[in-house]
């Protein structure tokens, strides 16, 4: 227990916040709950992306494809008479299949070349979804009536966010996490020690795409209407990447902080008409600030503050015996 | 030692072409189990390329490498490591933001042994003490000295549990005391049952340690045999010092 606390000093805070999210519907209004739902949605996206992008260093700019696959699976199967809940695992399975199909060719590319390829994949999926008849083309699809249940959806999304964090924490504490770390730091060095890099990357891609697709399915049920412009949007892919980068890539807490910041920003920005169209400008500005002053994001900033505080306290403790 | 007395590693007619450059020209040799076998030659002779071809980090243009009776052509680097043929890198490849112990743990978890749990921890500690890195276990690899980095490079390869360990210039950049330490380590590893292949510039170390060696020059094997004989071969002397006509001009 103490070892766990030493590894994750913010754990008690996280448990408290998780409890707050789960109990929030008993004492908050619907507006606040909507905001919290949105935050949990972003936490899932950011933390899941971080498994491949942060820990393994494979920056993908095509993750809206998985949101879309989950969302479209849920709507299409619900229209065919399925219960929306039963559509979620199907969407996750399709996302896993797609992540492998995309990963096999693109994981042969390294660094920025991989990133560029994922932009192409994300855009291709959007264009295909806009052109096909059964996906409703560019006008999108509506969920069948009677599938809306905000409270159930809220608990599902918060539960998914907490489960995602527990899963990422568990994976990165074990052999798998060490392999991801090795691949990020030196992929040739990792292979020279027996790590099958393509397999490990495919596994990380599959796990994170499944989580993102589950969130996509819940998104569709909650908003009741989806279109290529909402779930296959490149700006969504960009947001998914920016949250962990600004929060702190390759850490457990970073993407959560990034997601909280983004959901607050989005709520504030969407509320004021003057700023509504300029949010990408603000995100871009934030990204520049992070890259210039603290490449490890908010987590790096907190760590720096922490060590500075600790350093100020250490001399005081060392001096006290001499003074006494 | 294996009961059968055949070679543990057979390199036959391995060639590697980079565009117009023939980096390796039909190189062949055999390594016996328990040997310390050196590959020497001037800069650019193709020694490191040879190691890269053997472990699958680079695909040979032609030729074959057989390890423990199995053909390695077409296997990836990680597949060959899992079979027990491992190399170190002349330009060390530590995971700089990991601790020394975690660097070694990657090899323990993913190499030939694939240990987990308590057995993995024991193996990490064993490798740390054999390579005299125990006191640096919790330190970030990025802050190690060059001598420690070279030892970590050996430690990582050793962690995978190889049958044949290929050492690429592990004594380069070390001071005389560290070279003595490294030579003792190589001898101890062989006495522990490993077969060792070395690329080495340090002639004293090569002559003192190797049972046999091959000499490469411009990608071709120009000599093979026991160190005392091979190092005196006129072709080898010419390759290292240039031949007389060149010297006079």
Options B:224, B:153, B:148; residue that is assigned to a helix (DSSP H, G or I) and in contact with a strand residue (DSSP E or B) (Cβ under 9 Å, 6 or more places away or on another chain)
B:153
Can you give me the number of residues within the stretch B:73-105 that are within 30 Å of residue B:16 (Cα to Cα), in a helix (DSSP H, G or I) and either facing chain A (nearest Cβ under 7 Å) or free of Cβ contacts under 8 Å to residues at least 12 places away in the same chain (or both)?
4
Just the residues that are assigned to a loop (DSSP other than H, G, I, E, B) and in contact with a strand residue (DSSP E or B) (Cβ under 6 Å, 6 or more places away or on another chain), please, taken from the stretch A:108-146.
A:140
Selection over the stretch B:138-163 where residues are in contact with a helix residue (DSSP H, G or I) (Cβ under 7 Å, 6 or more places away or on another chain) and surrounded by fewer than 16 Cβ atoms within 10 Å (Cβ to Cβ) yields a count of 2
Answer yes or no as to whether residue A:23 is part of a helix (DSSP H, G or I) and crowded, with 24+ Cβ neighbours inside 10 Å.
no
Filtering the stretch B:45-59 down to residues that are farther than 10 Å from residue B:24 by Cα and either more than 14 Å from every other protein chain (Cβ to nearest Cβ) or outside any helix (DSSP H, G or I) (or both) yields B:56, B:57, B:58, B:59
Does the stretch A:239-250 contain any residue that is surrounded by fewer than 20 Cβ atoms within 10 Å (Cβ to Cβ) and either modelled with pLDDT of 95 or more or away from every other protein chain (no Cβ under 14 Å) (or both)?
no
Collect the residues in the stretch B:106-120 that are buried (at least 24 other Cβ atoms within 10 Å of the Cβ) and either more than 9 Å from chain A (Cβ to nearest Cβ) or not in a loop (DSSP other than H, G, I, E, B) (or both), keeping them in residue-number order.
B:106, B:107, B:108, B:109, B:110
Might you check whether a residue that is within 14 Å of chain A (Cβ to nearest Cβ), touching a helix residue (DSSP H, G or I) at 6+ places or on another chain (Cβ under 8 Å) and without any contact (Cβ under 8 Å) to a residue 60 or more places away in the chain occurs anywhere in the stretch B:171-179?
no
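Conditions (1) at pLDDT 95 or above; (2) within 14 Å of chain B (Cβ to nearest Cβ); (3) buried (at least 24 other Cβ atoms within 10 Å of the Cβ), marked per residue:
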{"position": "A:164", "(1), (2), (3)": "yes, no, yes"}
{"position": "A:180", "(1), (2), (3)": "yes, yes, yes"}
{"position": "A:192", "(1), (2), (3)": "yes, yes, yes"}
{"position": "A:211", "(1), (2), (3)": "yes, no, yes"}
{"position": "A:215", "(1), (2), (3)": "yes, no, yes"}
{"position": "A:227", "(1), (2), (3)": "no, no, no"}
{"position": "A:235", "(1), (2), (3)": "no, no, no"}
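The values are calculated or read from the model by the stated rules, or taken from the named source; none is laboratory data. Keep in mind that this is a model prediction, so the values were computed, not measured. Don't worry about glycine lacking a Cβ; one is built from the backbone with ideal geometry, like all the others, and counts go over all protein chains shown.
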